[in-house]
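Asks: Just dropping this structure here.
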Amino acid sequence: MSVPQRYPDFLSDQRQFFDELITEEWQTYFSEEWDATRRFEIEKIFEHFKPARILDVGCGVGFHDAEMARYDFVEEVDAFDYSEKSVEKANATYSHPKVKRFVADLSTFAPTNRYDMVISFQVFEHLDQPPAYFELCRRSCRAGAIVAIVTPNRTRLSNRLRARKGLPYELCDPQHFKEYTIGEIHELGAQAGFTPAGGFGYRLWGWPPLERLSLRTRLNLGFWFPSIAHGIVSFLRAP
């Protein structure tokens, strides 16, 4: 039985799930298409902003950390995850002299630095207490810093097609608590005192004819049609 099959229902605390997943099914983390998609995320984010000091919340296997650190304008990337095994694998597989990783929980983490950007990749949708995320950002951001939230788009093409058949929207993963649109994240951030600062979509997925197109084309189609993109990036500016 696979790790996801052992945990078919949402878990508020998922550190054991990810400890087991990264230990038992490490091979599932390797995909040329996935790597290209993650590089596209960072490329487009850095077209908007060029942060020197970055905090990555829920760094997982660490691919994004090392990729961000490759950019000359990035001076340091601090990254944490509450899955100890994930941090171990990240350090072993994606080490970089600009990157420092550690084990911590976002609800209790007390930063000693202030950052130009606080970012998370595929984390926000797992949280059953989103206000705790924005509290962490408030503790971690310098004045005017950017918060970047990379997450699945609730109104992605596959869900729109489901709706046309009279079916409800579905989550990408049973370990997701809730999925959002860019506007919905902006609303949550505004309630916490952050200012919406734009965003973008990337990748169209969920309709078989799209698979005939190159990955780069599909990624750009999501950028051009963000309301039905599979993934979104939502930006907010710290007070």
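Asks: Which ones in segment 170-196 are open to solvent by 80 Å² or more (accessible area, probe 1.4 Å), in contact with a helix residue (DSSP H, G or I) (Cβ under 7 Å, 6 or more places away or on another chain) and free of Cβ contacts under 8 Å to residues at least 60 places away in the same chain?
Replies: If the condition is that a residue be open to solvent by 80 Å² or more (accessible area, probe 1.4 Å), in contact with a helix residue (DSSP H, G or I) (Cβ under 7 Å, 6 or more places away or on another chain) and free of Cβ contacts under 8 Å to residues at least 60 places away in the same chain, then GLU170, LYS178 are the ones that fit.
Asks: Follow-up. Among the residues of segment 99-125 satisfying the criterion of being among the β-branched types (Val, Ile, Thr) and over 18 Å from the mean Cα position of the chain (by Cα), which is nearest to ARG142 (Cα to Cα)?
Replies: So, considering only residues that are among the β-branched types (Val, Ile, Thr) and over 18 Å from the mean Cα position of the chain (by Cα), the one nearest to ARG142 (Cα to Cα) is THR112.
Asks: Of all residues being open to solvent by less than 20 Å² (accessible area, probe 1.4 Å) and not β-branched (Val, Ile, Thr) in segment 85-101, which is farthest from ASP35 (Cα to Cα)? Just the residue, please.
Replies: Going through the qualifying residues, I end up with SER86.
Asks: Follow-up. Within segment 112-126, how many residues are modelled with pLDDT of 95 or more and either surrounded by fewer than 19 Cβ atoms within 10 Å (Cβ to Cβ) or part of a helix (DSSP H, G or I) (or both)?
Replies: Qualifying residue count, segment 112-126: 4.
Asks: Residue by residue through segment 69-84, note down the ones that are surrounded by 19 or more Cβ atoms within 10 Å (Cβ to Cβ) and farther than 17 Å from ILE119 by Cα.
Replies: Once the filter is applied, which keeps residues that are surrounded by 19 or more Cβ atoms within 10 Å (Cβ to Cβ) and farther than 17 Å from ILE119 by Cα, segment 69-84 yields only SER83.
Asks: Still on this model: Taking the stated definitions as given, is ALA238 over 17 Å from the mean Cα position of the chain (by Cα), open to solvent by less than 60 Å² (accessible area, probe 1.4 Å) and not β-branched (Val, Ile, Thr)?
Replies: In short, yes.
Asks: Do you know which of the residues in segment 180-226 that are small (Gly, Ala, Ser) and in a loop (DSSP other than H, G, I, E, B) is nearest to ASP128 (Cα to Cα)?
Replies: ALA192
Asks: Given the options LEU167, LEU161, name the one that is open to solvent by 30 Å² or more (accessible area, probe 1.4 Å), hydrophobic (A, V, I, L, M, F, W, C), part of a loop (DSSP other than H, G, I, E, B) and more than 29 Å from ARG15 (Cα to Cα).
Replies: LEU167
Every residue, every condition in (1) of a type in the set (Asp, Glu); (2) more than 18 Å from the chain's Cα centre (by Cα); (3) in a helix (DSSP H, G or I), yes or no:
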| site | (1), (2), (3) |
| --- | --- |
| ASP9 | yes, yes, no |
| PHE17 | no, no, yes |
| GLN27 | no, yes, yes |
| ARG39 | no, no, yes |
| GLU43 | yes, no, yes |
| ILE54 | no, no, no |
| CYS59 | no, no, no |
| PHE80 | no, no, no |
| GLU88 | yes, yes, yes |
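The values are calculated or read from the model by the stated rules, or taken from the named source; none is laboratory data. As the structure is a computational prediction, the values presented were derived from the model and not from experiment. Don't worry about glycine lacking a Cβ; one is built from the backbone with ideal geometry, like all the others, and counts go over all protein chains shown. When the accessible area is computed, the model is the full protein with side chains, heavy atoms only, and any ligands, DNA or RNA have been set aside. Shrake-Rupley method; radii C 1.70, N 1.55, O 1.52, S 1.80 Å.
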